[in-house]
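Following: one structure in structure tokens, then a few remarks.
The values are calculated or read from the model by the stated rules, or taken from the named source; none is laboratory data. What you see is a predicted model; the values in this text were computed from it and never measured. As a convention, Cβ positions derive from the backbone with ideal geometry for all residues, glycine included, and neighbour counts pool all protein chains shown.
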Amino acid sequence: MAYAQLLSCHFNCQNSRLSNPVQVASEVFRQSRGSSFLFRNSDTTQKNQRRIVMNMQEERASKAVHDSEMRIPHVLTVAGSDSGAGAGIQADLKACAARRVYCSTVITAVTAQNTAGVQGVDIVPEEFVAEQLQSVLSDMHVDVVKTGMLPSPGIVKVLCQSLRKFQVRALVVDPVMVSTSGDILASPSVLAGFREELLPMADILTPNIKEASVLLGGVPLKSVSDMRSASKLIRDMGPRNVLVKGGDLPDSLEAIDVFFDGEDFFEMHSPRVNTRNTHGTGCTLASCIAAELAKGSSMLQAVKVAKRYIETALDYSRDIVIGNGSQGPFDHFLALKNISQSSLRQDRFNPNDLLLYAVTDSGMNRKWGRSIADAVTAAVEGGATIVQLREKEAETGDFLDAAKICLKICRSYGVPLLINDRIDVALACDADGVHVGQSDMPARVARTLLGPEKIIGVSCKTPEQAQQAWIDGADYIGCGGVYPTNTKENNRTIGLDGLKAVCLASKLPVVAIGGIASSNARSVIEIGVPNLKGVAVVSALFDRECVLTETRNLHTLLCEAAAALTK
Ligand SMILES: Nc1ncnc2c1ncn2[C@@H]1O[C@H](COP(=O)(O)OP(=O)(O)O)[C@@H](O)[C@H]1O
Ligand SMILES: Cc1ncc(COP(=O)(O)O)c(N)n1
């Protein structure tokens, strides 16, 4: 369909359904903050007051920048909202967050959009775009501005005015005109503003094949060689660098982008990922370039990192299904597939899971000629309520393979699986959590790496360590060695008195460990401290001929001992 025809089909900004979004927003703010809040459509006094507030904000912003020790890289995206959150502002926010850069937003349009296409566009009045720009740029130290959908010439104009008023380190322009679905997102009349004002200010322009063709007056681009010629001609319009994106290049086994910096051409190749989930790749690529520039990268390095990020994210998300249309979004955080698996376990952590805590030992399983999978299957079948893989001698690859198999087994029994010490293995297999010792990865760092929902246990011998574990965000304490044991050399035993002291000082549930077996488990439980939730055992289960029988017997004993306490 011709550009002009598409325009009349889809571009319904004049028939705006949000009759005056500014008034609506103003009313919401007035109600939530009290009627004295300064806002739009105000009289002269209010305008003056607003100017004073803005001046104060500007002063505060520059003071904050000078005072601050830790500068946070900051990208401002000036773009349209995509209700389906695959592209536009939403993609920009996700891309910057994934690349660990702060992102503020100036919204130029609100689109009703999903995986089938764009059903409606409502343009934000240019005065209000100007006001959003003023709010952000006058207060927050923005390193890089990235632009996406700029639907009207007036919006291009106010943006250029703001960019002249507030200096930023770099300007990334993604000349969004047509969505992947073929819907028009900017009036052709913006082209004049692009050519005259915006492009000469841009540090990089990132057109896709269709947009490069529109910028060049309709010349078709059919090959990498056409993309090279286009990048050169487009650079003559003013941007310091040009990246012509080849996601839509027909008949190509690779996704090839052409970068031109005025002197050299660089072809960025990546395998073409066979997926419908490419909605928002262009917005994401430009945001990622902006994020890398905000961190201080050179332009070429920023483009290379951005291209690699897109390739990884597309590959990870190739088979996710969101929406029924032909243009699906991808997963910027490479996390959605993991979440849908781990949500099979409803509760994050139930302290009663500590009742019979089975800790594996590869040496013992080898001695008795069984695989770790067989050992874990027998333990959970016999009643183990939580399992920890403790494979001190295993190679990383073997450990990960074992962890994946054991995770499947444990999930099928609804039993959590923790990994001893190896946060990387826990992350790689999406285990339920980790157990760390005092000289392993600190619990606080483990929590940062694993996120809020994973289970973290910490080995503690003293009340002080127990208090620290709570401060660090642990979920439970493994306390011992209670009795002497062969599984840990040079491990000081603390006895039942030491165990009791830790339990009484701890805000967390405790599991006792060290030399515990059927012969002494009852006396451990009988110390009768409410937060002592169970016992962790190694040899008493795995250094025996039949893991299943041993686990069953110990489970019965523990249930009886716990029940006797509540009588
Ligand atoms: N199927 C794909 N496989 C790998 N990379 C892709 C694929 N589709 C697009 N890309 C890459 O995503 C980025 C955005 O390209 P493109 O889809 O052409 O932009 P736009 O989203 O603006 O149309 C480019 O780096 C391009 O090479
Ligand atoms: C608000 C908004 N901005 C940009 C795009 C382009 O993204 P895509 O080319 O993936 O459709 C879009 N569809 N919507």
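Suppose the filter is within 15 Å of ligand 1 (Cβ to nearest atom), surrounded by 17 or more Cβ atoms within 10 Å (Cβ to Cβ) and more than 21 Å from residue 144 (Cα to Cα); does residue 244 pass it?
For residue 244, the condition - within 15 Å of ligand 1 (Cβ to nearest atom), surrounded by 17 or more Cβ atoms within 10 Å (Cβ to Cβ) and more than 21 Å from residue 144 (Cα to Cα) - is not met.
Okay, residues lined up against (1) assigned to a loop (DSSP other than H, G, I, E, B); (2) farther than 12 Å from residue 537 by Cβ:
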position: 485; (1), (2): yes, no
position: 498; (1), (2): no, yes
position: 503; (1), (2): no, yes
position: 508; (1), (2): yes, yes
position: 511; (1), (2): no, no
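Could you please let me know if residue 161 is more than 16 Å from ligand 1 (Cβ to nearest atom) and either assigned to a loop (DSSP other than H, G, I, E, B) or under 13 Å from residue 77 (Cα atoms) (or both)? Spell out how you get there, then give the answer.
Values: more than 16 Å from ligand 1 (Cβ to nearest atom): yes; either assigned to a loop (DSSP other than H, G, I, E, B) or under 13 Å from residue 77 (Cα atoms) (or both): no.
Judged against the criteria, residue 161 is not a match.
Please identify the pairs in which a residue from the stretch 211-225 that is farther than 16 Å from residue 189 by Cα and small (Gly, Ala, Ser) has its Cβ atom under 8 Å from the Cβ atom of a residue that is within 16 Å of ligand 2 (Cβ to nearest atom) and modelled with pLDDT under 95, counting only partners at least 6 apart or on another chain.
Qualifying pairs under 8 Å: 223/249.
Is it the case, given these coordinates, that residue 233 is modelled with pLDDT of 95 or more, more than 13 Å from ligand 1 (Cβ to nearest atom) and farther than 18 Å from residue 86 by Cα?
yes
I'm trying to understand the selection: among the residues of the stretch 160-177, which are within 17 Å of residue 81 (Cα to Cα) and touching a strand residue (DSSP E or B) at 6+ places or on another chain (Cβ under 6 Å)? Break it down into steps so the answer makes sense when it comes.
Here is the first cut: in the stretch 160-177, the residues within 17 Å of residue 81 (Cα to Cα) are 173-177.
173 - this is the single residue of the stretch 160-177 that is within 17 Å of residue 81 (Cα to Cα) and touching a strand residue (DSSP E or B) at 6+ places or on another chain (Cβ under 6 Å).
When you check residue 558 against the structure, is it assigned by TED's automatic domain parsing to the domain that holds residue 469, in a helix (DSSP H, G or I) and of a type outside the set (Asp, Glu), yes or no?
yes
Given the criteria crowded, with 21+ Cβ neighbours inside 10 Å, of a type in the set (Asp, Glu), more than 29 Å from the chain's Cα centre (by Cα) and outside any strand (DSSP E or B), does residue 391 qualify? Give the derivation first.
Values: crowded, with 21+ Cβ neighbours inside 10 Å: yes; of a type in the set (Asp, Glu): yes; more than 29 Å from the chain's Cα centre (by Cα): yes; outside any strand (DSSP E or B): yes.
Yes, satisfied.
Consider residue 284 against the criteria (1) part of a helix (DSSP H, G or I); (2) of a type in the set (Val, Ile, Thr); (3) more than 10 Å from ligand 1 (Cβ to nearest atom): it satisfies all of them except one. Which criterion is unmet?
Failed condition: (3).
Taking the conditions exactly as written (within 16 Å of ligand 2 (Cβ to nearest atom) and of a type outside the set (Lys, Arg)), does residue 257 satisfy them or not?
Details: within 16 Å of ligand 2 (Cβ to nearest atom): yes; of a type outside the set (Lys, Arg): yes.
So residue 257 passes the test.
Could you list, in sequence order, all residues of the stretch 290-309 that are surrounded by fewer than 24 Cβ atoms within 10 Å (Cβ to Cβ) and within 14 Å of ligand 1 (Cβ to nearest atom)?
304, 305, 307, 308, 309
Take the stretch 400-441 and flag every residue that is at positive phi and touching a helix residue (DSSP H, G or I) at 6+ places or on another chain (Cβ under 6 Å).
Passing the criteria: only 430.
Going by the conditions given, is residue 186 within 16 Å of ligand 2 (Cβ to nearest atom) and within 27 Å of residue 167 (Cα to Cα)?
Taking the combined requirement at face value, the residue satisfies it.
Just for the stretch 270-281: of the residues that are surrounded by 15 or more Cβ atoms within 10 Å (Cβ to Cβ) and part of a strand (DSSP E or B), which one is nearest to ligand 2 (Cβ to nearest atom)?
Residue satisfying both the conditions and the ranking: 279.
Where the second residue is among the hydroxyl-bearing types (Ser, Thr, Tyr) and buried (at least 21 other Cβ atoms within 10 Å of the Cβ) and the first is free of Cβ contacts under 8 Å to residues at least 60 places away in the same chain and under 8 Å from residue 531 (Cβ atoms) and lies in the stretch 494-514, which pairs have Cβ atoms under 6 Å and are six or more apart or on separate chains?
508/476
Taking the stretch 314-330 as the region of interest, how many residues are without any contact (Cβ under 8 Å) to a residue 60 or more places away in the chain and either crowded, with 19+ Cβ neighbours inside 10 Å or not assigned by TED's automatic domain parsing to the domain that holds residue 207 (or both)?
So the answer is 3.
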